[in-house]
Amino acid sequence: MGIKMNTWERDSLEGRLDRLGFAFIEFNEFNEFCMEFGIDFGEELVETDLEDMLDQKINISYTDYKLTKDDYLNENPSILRSEKAALAKVHQIWTEHKFK
C-alpha cells in the first residue's frame, strides 16, 4: 500500500530532499544494489563512493573535523555553515589560546 500524495506535496517533498542532497540515487549505489540481485551492468564499483564519503563526514568528531573554505558562508571566517564546523572552530580557537 503506497502513500497517495498530491502533486504539490510530492514536488514539495522532492524539493526539500533535493536541498538536503537526499533526492538522488548515485549510480555506484544503484550498481551495487543491482549486483546483489545478479544484475551486472559491466561497471566496476567505484571506491570513492559519494554516500560513503558523506557518511564519513557526518560521523567525524568535531575534534577531527578539518575546516575548509566551503564551511564559511560567503567566505566569511566568522560565519559558519554548520554546527559541526562551528564546534570545530571553537575547539581550534580554544586549543590555540589554552596553551598561551
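The table below gives the values:
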item	result
Filter pass, residue 21 being more than 18 Å from the chain's Cα centre (by Cα) and either at pLDDT below 85 or surrounded by fewer than 10 Cβ atoms within 10 Å (Cβ to Cβ) (or both)	no
Top-ranked residue in the range 57-69 [being surrounded by 10 or more Cβ atoms within 10 Å (Cβ to Cβ) and closer than 25 Å to residue 25 by Cα; ranked as modelled with the highest pLDDT]	60
Residue check, residue 80 modelled with pLDDT of 75 or more and surrounded by 11 or more Cβ atoms within 10 Å (Cβ to Cβ)	yes
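Every residue, every condition in (1) among the hydroxyl-bearing types (Ser, Thr, Tyr); (2) at pLDDT 85 or above; (3) in contact with a Cys (Cβ under 8 Å, 6 or more places away or on another chain), yes or no:
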| site | (1), (2), (3) |
| --- | --- |
| 12 | yes, no, no |
| 30 | no, no, no |
| 44 | no, yes, no |
| 47 | no, no, no |
| 72 | yes, yes, no |
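The values are calculated or read from the model by the stated rules, or taken from the named source; none is laboratory data. Note that the structure is a prediction, hence the values are computed from the model and not measured. All Cβ positions, glycine included, derive from the backbone under ideal geometry; neighbour counts span all protein chains shown.
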